[in-house]
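Okay, structure first, notes after.
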Amino acid sequence: MRFLILSQYFPPETGAPPIRLASMIRELLRLGHTVEVVTAMPNYPTGKIFPNYQQRFYQLDNWEGIPVHRVWMYAAKGAGIKRLLNYFSFTMTASFGLKKAQKPDYLFIESPPLFLGITGYLAAKLWKVPFIFNVADLWPDTISALGLMSEGLVLKLARRLEMWLYNKASYITVVTPSVQQILIDKKRVQANKILLLPNGVDTKLFGKFESKLTIDIPNKILILYAGTHGYAHGMEVVLQAAKLLIDTNVLFLCIGGGSDKQRIMKLSKDMELDNVIFWDSQPPEFIANLYNLAFAGIATFRDSPLLECTRPAKTLPILASGKPILFSGAGEGAKLVKDSQSGIVTAPGDYNGLAKSVRKLINHPEYATQLGLNGRKYAEQNLDWSIIVADWLKQLNMEEMRDL
């Protein structure tokens, strides 16, 4: 089959969507399918188009043997009107990239941004092919629940667009059973349109237990936070726990970008924390090597019912790397850690509990090691991309057969 992926984010950008799509595409290629990509000029997380792509409206790249059509968009970071312009500009220019691509058997649209679904729908209708709308985040509901946007005309229109896209999509893919149930129960989406495509992990990349990486952090117990620094992640809990652990050799290393990073860095400076450091985003290979040097990994979420239906992508490399997970949150993420017996779960925002969990791990290294081994085994058996993609294709084929 021929798949055309339409996504605003793609390598060499870092972050969950590019990493997820790259892994998914590699597996599709391994299974003998054909893949093409239409995306924006890379600019995340800096909000500036990368040097090799500046002052160009269109560029054709070859990424691991597949054609990638890149088009200009208004580069920006953070929230507000600039972010909306960022989304809307690519929604408009993406149509040029789609014209350069070959007609696919399936058009796969990555969301958010929600608006990109309009461009994808029009292209799919022109080509007369099914379009798959991938819901990585229940965008209108999430930003409303977190208070990132007040109720008004914009959210009202976004919700109408959301429902329109659900109705027009041939198939909708979701990352967790909880999101699937929300779409069925609250959004009234037909159950047979919804396919489960969870986040997976490259167990060949993560889990190489011999690291070639050396870093100048001597005599430190390294706890790694690798991923987006967004408002939804509530990273204050990491800083507050770090303050309670100043009497230990624990060092929290936070790697990644995101709309909330500058605020969190300033808060860390104001708290005068010398056991928390921040690095810029790094490629997966670097992160994989860094996990080999780490004692544990950490992932956090704010207290929100909508976030409970999300499984944080940053937990999966920790599992595959054979390291214990410190998870501050609830819902799907907490369930994953508990089901895999791979770490310690604390309630969202409970920095006292998080600090106590860190002490428990460093005081009982054998327990920490066993949690890591449990996580590695679970990842190999349930989360490898070969398993995830094969199951998704099976669901897709079953629905296609049912429609004949």
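Please treat every number below as a calculation from the coordinates, not as lab data. Everything quoted here is computed from the prediction, not taken from an experiment. Ideal geometry is used to build each Cβ from the backbone, glycine not excepted, and the neighbour counts take in all protein chains shown.
Does the range 318-404 come out rounded, prolate or oblate by the C-alpha gyration tensor, with a ≥ b ≥ c the root eigenvalues, rounded set by a/c under 1.5 and, if not, prolate when a/b is larger than b/c and oblate if not?
oblate
May I have the extent of the alpha carbons of the range 1-119 along their three principal axes, as whole Å values ordered from largest to smallest?
Here the Cα extents, ordered largest to smallest, are 41, 26, 24 Å.
If you look for lysine pairs in the range 221-382 that are eight or more places apart or on different chains, how many of them have Cα atoms under 19 Å apart?
Value for the range 221-382: 20.
For the residue pair D105 and R188, what label-to-label distance in nm results when each label sits 7 Å from Cα along the Cα-to-beta-carbon direction?
Each label point lies 7 Å from its Cα, and together they span 3.4 nm.
Using only DSSP helix segments of four residues or longer, with each worth -39500 (n - 2.57), what per-residue ellipticity at 222 nm results for the chain after dividing by its residue count and rounding to 500? Walk me through the intermediate numbers first.
Working: 14 runs with 173 residues, N = 404.
Computed mean residue ellipticity for the chain: -13500 deg cm²/dmol.
Compute the projected area of the convex hull of the Cα atoms of the range 221-382, averaged over all viewing directions, and report it in nm² to one decimal place. All intermediate terms of the calculation are to be shown ahead of the outcome.
Details: hull surface 33.3 nm².
So the Cα hull casts an average projection of 8.3 nm².
With r as the distance between the Cβ atoms of Q262 and I215 and R0 = 22 Å, compute the FRET efficiency 1/(1 + (r/R0)^6) and round to 0.05.
FRET efficiency, I215 to Q262: 0.40.
Can you give the translational diffusion coefficient of the range 266-314 in µm²/s, computed by Stokes-Einstein from the Kirkwood radius over Cα pairs at 25 °C and 0.890 mPa s?
Values: Rh = 13.8 Å.
Translational D for this selection: 178 µm²/s.
Given the peptides 293-304, 218-229, arrange them by the average over their residues of other C-beta atoms within 10 Å, most packed first.
Working: 293-304: 22.6, 218-229: 19.9.
Those peptides, ordered most packed to least, come out 293-304, 218-229.
Using the alpha-carbon atoms, what tilt in degrees (0 to 90, nearest 10) does helix 81-100 show relative to the longest principal axis of the chain?
Roughly 50 degrees between the two axes.
Give me, ordered by chain and number, the residues 5 or more places off T173 or on other chains with an amide H under 5 Å from its own placed amide H.
F133, N134, V135, L195
Compute the helix-to-body angle for 16-30: its Cα long axis versus the longest principal axis of the chain, expressed 0 to 90° and rounded to tens.
60 degrees
Normalised by the residues of the range 221-382, what does the relative contact order come to in percent, with Cα pairs under 8 Å and at least six apart?
Details: 304 pairs, mean separation 37.7, N = 162.
That works out to 23 percent.
Report, largest value first, the span of the C-alpha coordinates of the chain along each principal axis, in whole Å.
63, 42, 42
Relative contact order (percent) for the chain, with alpha-carbon contacts under 8 angstrom and 6 or more residues of separation?
Once divided by the residue count of the chain, the mean separation gives 14 percent.
Of the peptides 7-14, 268-275, how do they stack up when ordered by the mean number of other Cβ atoms within 10 Å, highest first? Numbers along the way, then the final one.
Values: 7-14: 22.1, 268-275: 14.1.
Result, highest mean Cβ count within 10 Å first: 7-14, 268-275.
Could you give the angle, 0 to 90 degrees to the nearest 10, between helix 385-403's Cα long axis and the longest principal axis of the Cα atoms of the chain?
Helix 385-403 sits at roughly 30 degrees to that axis.
With θ set to phi - 60° and the Karplus curve 6.51 cos²θ - 1.76 cosθ + 1.60, what are the ³J(HN,Hα) couplings of the range 37-48 in order, to the nearest whole Hz, using x for Gly and Pro?
Computed from phi, the couplings for the range 37-48 are 10, 10, 8, 8, 4, x, 8, 8, x, 6, x, 10 Hz.
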